[in-house]
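Q: One structure is given below, represented as C-alpha cells, and several questions about it will come after.
The values are calculated or read from the model by the stated rules, or taken from the named source; none is laboratory data. The shown structure was predicted, so the numbers you read here are calculated from the model rather than taken from an experiment. Counting neighbours? That spans all protein chains shown, and the Cβs are built from the backbone with ideal geometry, glycine included. Heads up: the accessible areas ignore ligands, DNA and RNA and are worked out on the full protein's heavy atoms, side chains in. Shrake-Rupley method; radii C 1.70, N 1.55, O 1.52, S 1.80 Å.
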Amino acid sequence: MFTARTLLAGKWPILIFAALTVGAMFLPCGAWLRVMLGGVSAVLLVFTISFFRDPDRTAPKDPKAIVSPADGTIVEIRTVHEPYFLNGEAEMVAMFLSVFDVHVQRAPIEGEIKFVKYHKGKFLDARNINASLENENRVIGLVGADGYRVTIRQISGMIARRIVGWADPGTKLARGERLGMIRFGSRVELFLPPGTQVTAKVGDYAKGGETVLARRK
C-alpha cells in the first residue's frame with residue numbers, strides 16, 4: 001500500500017504534521033485546547049500519509065489495451081495537436097486527480113521512454129481551463145517495441161507544486177509500471193495517435209495501470 005519512494009516524496013509535510021501533533025501536547029494552554037490542536041494535527045498527518053499511498057495494480061493481459069496512466073475522473077476527450085512527442089494530431093484523454101486519489105502515474109503501454117521534458121509554469125487550479133497550457137508540467141514520450149507512440153503529461157495544480165519523475169529516457173517499462181507522481185491535486189493527460197479507439201467516456205473514473213482507456217489497432 002505504501003512504498004519508501006512515495007513516502008520519501010512526502011517526507012516534509014509528513015514530518016511537519018508529526019511534529020505539530022507531538023508539539024501540541026506540550027503547549028502552555030488548557031488540556032482541552034491541547035487535545036483539540038493535537039487531534040487536528042493528527043487528522044492532517046493521517047490524511048497526508050494516506051495521500052502518498054502506492055497500491056499494487058494488475059494490468060490487463062490484452063496486448064492491444066491502453067491503460068490509464070493515473071487515478072482520477074476523466075474530464076476531457078478530444079482531438080488536439082500534440083506538439084511534444086507525437087508532433088501532430090492526437091486523441092487526448094485528460095484526467096483530474098483530486099486530493100483523495102492515488103497520485104502515482106503509470107505507463108499506459110509497454111515500451112521505452114524516449115523523451116522527457118520539464119516545463120516551468122504557473123500553479124493554477126487543475127480544473128481551470130488554462131491550467132493545461134500554463135501550469136508547470138512534465139512530458140513523457142513512450143515508444144512500444146513495434147514503434148507505437150504515446151505521450152503522457154503530468155500537470156501540477158494549485159496545491160500540487162512538485163512533479164516527481166522516476167523514469168528517465170532509456171528506461172524500459174512494463175504496462176502499468178510506475179513512472180512518477182504528482183503531489184496533491186493535479187491533472188494528467190494522455191495523447192494517443194490517430195486511429196486509436198478511445199473506449200473511455202467523460203465522467204468515467206479510472207484507476208492507473210488497470211482501467212482500459214483505449215485500444216490500439
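Q: Within region 45-96, report the trypsin sites (Lys or Arg not before Pro) that DSSP leaves as loop and that have at most 11 other Cβ atoms within 10 Å.
A: Of the trypsin sites (Lys or Arg not before Pro), the ones in loops of region 45-96 whose Cβ has at most 11 other Cβ atoms within 10 Å are LYS61.
Q: Under 5 Å between amide hydrogens, which residues at least 5 positions from ARG162 or on another chain qualify, with H placed 1.01 Å from N in the peptide plane?
A: Here ARG183 satisfy the definition.
Q: So, one more: With the dipole of the chain worked out from charges on the C-beta (+1 for Lys and Arg, -1 for Asp and Glu) around the Cα centre, which of HIS81, ALA145, GLY30 lies farthest toward the positive end?
A: Result: GLY30, furthest along the dipole toward the positive end.
Q: With runs of 4+ DSSP H residues as the only contributors, calculate the mean residue ellipticity of the chain at 222 nm using -39,500 (n - 2.57) per run, divided by the residue total and rounded to the nearest 500.
A: Roughly -6500 deg cm²/dmol at 222 nm, from the helical runs in the chain.
Q: Beyond a 22 Å Cα-Cα separation, which of these cross-linked pairs lie in this structure: LYS61/LYS117; LYS61/LYS207; LYS64/LYS207; LYS172/LYS201; LYS11/LYS122; LYS11/LYS172?
A: Values: LYS61/LYS117 30 Å; LYS61/LYS207 16 Å; LYS64/LYS207 18 Å; LYS172/LYS201 29 Å; LYS11/LYS122 24 Å; LYS11/LYS172 28 Å.
Those over the limit are LYS61/LYS117; LYS172/LYS201; LYS11/LYS122; LYS11/LYS172.
Q: While we're here: Residues of the chain: accessible area per residue at 1.4 Å, in Å²? All intermediate terms of the calculation are to be shown ahead of the outcome.
A: Details: 10610 Å² over 217 residues.
Per residue, the chain has 49 Å² of solvent-accessible surface.
Q: Run the accessible area of region 15-60 with a 1.4 Å probe and give the carbon-and-sulfur part as a rounded percent.
A: Percent of accessible area from carbon and sulfur atoms in region 15-60: 80.
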